[in-house]
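Below is one structure, written out as C-alpha cells; the observations come after it.
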Amino acid sequence: MTEMRWRKSTASSGSGTASQCVEVCLSKSGVQVRDSKNAEPGLRFPTVGWKAFLGMVFEPS
C-alpha cells in the first residue's frame, strides 16, 4: 500500500490547535482535501473537477 503524501497550503496560518491549515493529497483517482487538525480526508474531487477549480481560482482578473 502506498503512503498518502499530504501537502499543507502555503496560505495556512497559525500553529497548534489554533492553526488554520488546509492540506491536499494527489492520487490516481483525484484530489483529497482536509483540515490538518483532522486526519480523515474531508473532501474528494475527481482530477477534472480539481483542475476546473484551480483554473477559476488562478484566473487572471
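Structural remarks
- Counted by Cβ distance under 10 Å from LEU26, the other residues give a net charge of +3, where Lys and Arg count +1 and Asp and Glu count -1.
- Karplus-based coupling profile of segment 50-61, in residue order and whole Hz: 5, 5, 5, 4, 5, x, 6, 5, 9, 5, x, 9, with θ = phi - 60° in 6.51 cos²θ - 1.76 cosθ + 1.60 and x standing for Gly or Pro.
Just so you know, all these numbers are worked out from the coordinates, no wet-lab data involved. Predicted, not measured: the structure shown is a model, and the values here were computed from it. When we count neighbours, we look across all protein chains shown, and the Cβ atoms used for this are built from the backbone with ideal geometry, even at glycine.
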